[in-house]
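One structure is given here, and the rest of the page talks about it.
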Amino acid sequence: MELAKLFITLLIIDALFISQIRVQAAPTNSNLFREYIGAEFKNVKFTDVPINPNAEFHFILSFAIDYDTLSSPSPNNGKFNIFWDSANLSPSQVSSIKNAHSNVKVALSLGGDSVGDGFAYFSPSSVDSWVSNAVSSLTRIIKQYHLDGIDIDYEHFKADPDTFAECIGKLITTLKRNKVISFASIAPFDNDQVQKQYLPLWRKYGHQIDYVNFQFYAYDKGTTVPQFLDYFKTQSSNYNGGKVLVSFGTDASGGLKPDKGFFKACEKLKSQQQLHGIFIWSADDSKANGFRYEKEAQGLLAGQR
């Protein structure tokens, strides 16, 4: 009899535990807003960008690249250098914007599309040497600039997917373990060669990746609201369990634009508890229109729209 009671008790505890896990894993909305800044050297400052105090705000400095800084840059095997507009986005300016706004954090993004006149390739000599160099050089930059996290935005590759997964996964794991960063994100888009690299990384190290900045603006121009929602569903399945953020570009990129229904799509996702955040590429391009859509996006996330 006592054994039977113990068995029933264990079953109840097990059921409660599983229930708790499911509750924690349930989709939820977020007030997270993120914006890339500094890649195009348009003299944009942090203080130019409107910041809603009721949104969680991440600036993402673009980019740190493991290339040398010569006139004809070449790969540097994990030894990162700064390739953003550091004259306007300096360490003191990072400290100042964070001190002025308690809801602001600042990250840096690795890689990007191009460097100099060519593509920025992920091109490690070996996993161990790349990780060692990357941890050392990025720790120095992150501490110098008072940063909080990193974003992975490599888009061109001279390495197989396993190597990419191990290099990036071990980099994120080490920086978190060393308490150098508190969050990490990846920024894939719908391209076979890109997804071939990022999906194995997600499958092995997804537990270390806090956000998926999926580049929905890489889809075709003229994307409709139903198409956008289908794309979101597909990528949420690809990056299963991840916080997939929606996005648009304020440049000439494609995807679903704000004036074509982007915020309508966001409202739909919000009603389904699936709006994990919004990010924009980029502050450099938004300066010309007075950051209109940054205000609107943060208002929606903060429940003010």
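The values are calculated or read from the model by the stated rules, or taken from the named source; none is laboratory data. Since the structure is predicted, the reported quantities are computational estimates derived from the model, not experimental observations. Reconstructed Cβ throughout: ideal geometry from the backbone, glycine too, with neighbour counts over all protein chains shown. With ligands, DNA and RNA removed, areas are computed over all heavy atoms of the protein, side chains included. Shrake-Rupley method; radii C 1.70, N 1.55, O 1.52, S 1.80 Å.
Whether any residue in the range 149-162 is among the basic types (Lys, Arg) and not in a helix (DSSP H, G or I) is what I want to check. Yes: one or more hits. Looking at the range 218-229, I want the residues that are free of Cβ contacts under 8 Å to residues at least 60 places away in the same chain and have a partner that is exposed (fewer than 12 other Cβ atoms within 10 Å of the Cβ) and of a type in the set (Asp, Glu) with Cβ atoms under 9 Å, at least 6 apart or on another chain. Which pairs are those? Between residues of the range 218-229 that are free of Cβ contacts under 8 Å to residues at least 60 places away in the same chain and residues that are exposed (fewer than 12 other Cβ atoms within 10 Å of the Cβ) and of a type in the set (Asp, Glu), the close pairs are Gln227/Asp220. What about Ala283, is it closer than 20 Å to Tyr154 by Cα, open to solvent by 10 Å² or more (accessible area, probe 1.4 Å), touching an Asp or Glu at 6+ places or on another chain (Cβ under 9 Å) and among the aliphatic types (A, V, I, L, M)? The answer is no for Ala283.
For the range 104-126, which positions are open to solvent by less than 30 Å² (accessible area, probe 1.4 Å) and under 17 Å from the mean Cα position of the chain (by Cα)? Correct list: Val104, Val106, Ala107, Leu108, Ser109, Leu110, Gly111, Gly112.
Would you confirm whether or not the range 56-63 contains a residue that is in contact with a Cys (Cβ under 9 Å, 6 or more places away or on another chain), part of a strand (DSSP E or B) and open to solvent by less than 20 Å² (accessible area, probe 1.4 Å)? Scanning the range 56-63 turns up no residue that is in contact with a Cys (Cβ under 9 Å, 6 or more places away or on another chain), part of a strand (DSSP E or B) and open to solvent by less than 20 Å² (accessible area, probe 1.4 Å).
Scanning the range 227-262 for residues that are hydrophobic (A, V, I, L, M, F, W, C), closer than 20 Å to Gln197 by Cα and part of a helix (DSSP H, G or I) turns up just one, Phe232. Looking at (1) of a type in the set (Ser, Thr, Tyr); (2) assigned to a loop (DSSP other than H, G, I, E, B); (3) open to solvent by 30 Å² or more (accessible area, probe 1.4 Å), which one does Thr223 not meet, given that it meets all the others? Of (1) of a type in the set (Ser, Thr, Tyr); (2) assigned to a loop (DSSP other than H, G, I, E, B); (3) open to solvent by 30 Å² or more (accessible area, probe 1.4 Å), only one is false for Thr223: (3). Screening the range 76-94 for residues that are open to solvent by 30 Å² or more (accessible area, probe 1.4 Å) and under 14 Å from Thr47 (Cβ atoms) and picking the one that is nearest to the chain's Cα centre (by Cα) gives Gln93. Within the range 30-50, can you find the residues that are open to solvent by 10 Å² or more (accessible area, probe 1.4 Å) and under 21 Å from Ser102 (Cβ atoms)? Passing the criteria: Ser30, Asn31, Lys45, Thr47, Asp48, Pro50.
Checking each residue in the range 102-118 for being in a loop (DSSP other than H, G, I, E, B) and of a type in the set (S, T, N, Q) picks out Ser102, Asn103.
Out of curiosity, is Ile97 closer than 20 Å to Val194 by Cβ and either under 20 Å from the mean Cα position of the chain (by Cα) or open to solvent by less than 10 Å² (accessible area, probe 1.4 Å) (or both)? Against the criterion (closer than 20 Å to Val194 by Cβ and either under 20 Å from the mean Cα position of the chain (by Cα) or open to solvent by less than 10 Å² (accessible area, probe 1.4 Å) (or both)), Ile97 does not qualify.
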